[in-house]
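Notes for the one structure printed next.
Read-outs: derived from the displayed coordinates by stated rules, not from any lab. None of the values given here were measured: they were computed from a predicted structure. Note: ideal-geometry Cβ built from the backbone for every residue, glycine included; neighbour counts use all protein chains shown.
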Amino acid sequence: MIPFSKLSFWERSIYTDGIDFTIIGAGIVGMSTALHLRRANPSAKIIILERGYLPTGASTKNAGFTCFGSPTELRDDLSKMDERTVWDTVSMRVEGLRELFSLVDPSHIHYEACGSWDIIREEEESLTPDFLAYLNERLFVISGEKTVYAEDKTKWIDAGFSGVKTTYSNRLEGAIHTGKLIEELHRSCTNEGIHFLFGIEVLSFESFDSCVEIHTPMGTIQSAKLMVCTNAFAKDYLDDIQAARAQVLVTKPIANLSVKGTFHMESGYYYFRNVGNRILFGGGRNLDFSGETSTEFETTQLIQEKLQQYLNELILPNTPVGIDYSWSGIMAVGSEKKPIIQKTNKNIAFGVRMGGMGVAIGASVGKQLSKIFS
Ligand SMILES: Cc1cc2nc3c(=O)[nH]c(=O)nc-3n(C[C@H](O)[C@H](O)[C@H](O)COP(=O)(O)OP(=O)(O)OC[C@H]3O[C@@H](n4cnc5c(N)ncnc54)[C@H](O)[C@@H]3O)c2cc1C
């Protein structure tokens, strides 16, 4: 590959000279940040540096749920965090989804307002009517919508699940096509004159009085400001970021599939949906929390076998099905379930640690990050 020092006058004038904003990471947050920067800075030179030939973190690998809190996830969160933090996080996710749909046209990312269902297995405790009423009260305050959550005693029967006691629906959650979201953000960025350099890994950066020097295997480039949107891969620069790998599988096509919509189980540690006539099923990180702090894009037998077991016993008990795809993506978590949006000096800022919520909050994190130097 040709180092930056050997680029032509033309190439340098477009890509490497006089950069106003450099963003590291072409995930949801990096590209949303770039689009918001463009709105406020119509003539600025904005460059996104991405180490992979595709974005290589979580944004192209997630399940595509537009979710803000299943009842068992919220029950679990309320047992571990203070009440205010839990509802602030839900509010951030609801607001973030509004922001996402103002940044991209929902129809372009195949948004389906299909609702979600939280599954209670036979051996699990049901929710009390009082708890459901409490969830609805809080959601009304946040969203202005009444009766968001309700018990649905028939969904699991219609879907053909086995070993299930009941389900709780959330009528405001839905699903998108994850690949279409990234394609759409990329298209919007290029339409707005935001340039991408794929295959460029940032090795380090140093801030000086009026610029940042960014070191890569292709050489060093200078930028007035730097925004780091590398999520889990920012853990070498900031405290309280831990990588959290998440594994997924997708079945072969299934004739007459009766499973429609998005589903959560076990406090959100398992999740599945239909993608056309296939099932996408992910989760199981709770089986091996420490092993799943890896940043290697691998799948493990322990987790893949558990996913297949649930698939065969609970989701599709009467339909033998093969697996066409399995993969993993790398999320970032920390001691708090909220992102870090932080300026570390006058030229460098971070927008990282999206947890399992980046589809919901990524666009609004990008908006906040884009304003951090103003
Ligand atoms: C399996 C799975 C399922 C999920 N499901 C959902 C869901 O249904 N709903 C939801 O809201 N969220 C979900 N998430 C979480 C969501 O995908 C993430 O929170 C979100 O994608 C994070 O976006 P990001 O832009 O911050 O980071 P990323 O998408 O990880 O982007 C960071 C980018 O930085 C690049 N990078 C890193 N280091 C460097 C470097 N040194 N130089 C150059 N480039 C670098 C990486 O290659 C990467 O492309 C899921 C995640 C996974 C893995």
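Quick one: which of LYS252/LYS306; LYS235/LYS306; LYS235/LYS371 span more than 25 angstrom between C-alpha atoms?
Flagged as over cut-off: LYS235/LYS306.
Let me test this: with uniform point scatterers at the alpha carbons of region 242-333, what is the Debye-based log₁₀ I(q)/I(0) at q = 0.11, 0.12, 0.26 1/Å?
-0.29, -0.35, -1.41
Mind telling me which of GLY261, GLY355, GLY179 comes out most flexible in a GNM of the chain, alpha-carbon contacts under 10 Å?
So, out of GLY261, GLY355, GLY179, the one fluctuating most is GLY179.
Ranked highest first by the average count of other Cβ atoms within 10 Å around their residues, in what order do 302-315, 3-16, 118-131 fall?
Ranked by mean Cβ neighbours within 10 Å, highest first: 302-315, 118-131, 3-16.
Around ARG285, what is the net charge, scoring Lys/Arg as +1 and Asp/Glu as -1 over all other residues with Cβ under 9 Å from its Cβ?
Residues near ARG285 contribute -1 overall.
Could you work out the local net charge near ARG98, counting Lys and Arg as +1, Asp and Glu as -1, over the other residues with Cβ closer than 15 Å to its Cβ?
-3
Take peptides 170-177, 69-76, 104-111, 81-88 and line them up by average Cβ neighbours within 10 Å, highest first, as a rough protection proxy.
On the way: 170-177: 20.8, 69-76: 22.6, 104-111: 16.4, 81-88: 14.1.
Per-residue Cβ counts within 10 Å, averaged per peptide and sorted highest first, yield 69-76, 170-177, 104-111, 81-88.
Angle between the Cα long axis of helix 83-103 and the longest principal axis of the chain, 0 to 90 degrees, nearest 10?
The two axes meet at around 60 degrees.
Note down the relative contact order for the chain as a percent, whole number, built from C-alpha pairs under 8 angstrom at least six residues apart.
So the answer I get is 26 percent.
Considering amide H positions built from the backbone, and no H for Pro or chain starts, which residues 5 or more places from ILE340, or on another chain, come under 5 Å of its amide H?
Amide H to amide H, under 5 Å and 5 or more residues apart or across chains, ILE340 pairs with VAL352, ARG353.
Please give the helix 301-310 orientation as an angle from the longest Cα principal axis of the chain, in degrees from 0 to 90, rounded to the nearest 10.
Helix 301-310 sits roughly 40 degrees off the main axis of the chain.
Two-decimal Rg/Rh of the chain from alpha-carbon positions, Kirkwood Rh?
On the way: Rg = 21.5 Å, Rh = 21.6 Å.
With Rh from the inverse mean 1/r over Cα pairs, Rg/Rh is 0.99.
Within 10 Å, count the other beta carbons around each residue, average over each peptide in 17-29, 205-217, and list them highest first. Intermediate values should be presented prior to the final figure.
Details: 17-29: 24.2, 205-217: 14.7.
The most tightly packed comes first, giving 17-29, 205-217.
Would you grab the residues whose amide H sits under 5 Å from the one on GLY261? Only those 5+ places off in sequence or on another chain, please, with H modelled 1.01 Å from N.
Placed amide hydrogens put ASN274 under 5 Å from GLY261.
Per-residue HN-Hα couplings for region 54-71, Karplus 6.51 cos²θ - 1.76 cosθ + 1.60 at θ = phi - 60°, whole Hz, x for Gly and Pro?
Karplus values, whole Hz, x for Gly and Pro: 10, x, 10, x, 10, 5, 9, 10, 7, 8, x, 8, 9, 10, 10, x, 7, x.
Tally Lys and Arg at +1 and Asp and Glu at -1 over the other residues with C-beta under 14 Å from the C-beta of TYR237: what net charge comes out?
Charge balance near TYR237 sits at -1.
Apply the Karplus curve 6.51 cos²θ - 1.76 cosθ + 1.60, θ = phi - 60°, to the phi angles in region 258-272 and return the couplings in whole Hz, x for Gly and Pro.
Running phi through 6.51 cos²θ - 1.76 cosθ + 1.60 with θ = phi - 60° gives 9, 8, 10, x, 10, 9, 10, 9, 6, 6, x, 6, 10, 8, 8 Hz.
Can you give the relative contact order of region 134-268 as a percent, counting alpha carbon pairs under 8 Å and 6+ residues apart?
Relative contact order of region 134-268: 15 percent.
Give the relative contact order (percent, whole number) for region 244-322; include only Cα pairs under 8 Å separated by 6+ residues.
Here the relative contact order equals 33 percent.
Need one word for region 1-70: rounded, prolate or oblate. Basis is the Cα gyration tensor (sqrt eigenvalues a ≥ b ≥ c); a/c below 1.5 gives rounded, then a/b vs b/c decides.
oblate
Need one number: % antiparallel among DSSP beta bridges in the chain, to the nearest 5.
Taking every DSSP beta bridge with both residues in the chain, the antiparallel ones total about 70 percent.
Enter the Cα centre distance for the pair region 166-188 and region 2-24, rounded to the nearest angstrom.
Rounded to whole Å, the Cα centres lie 35 Å apart.
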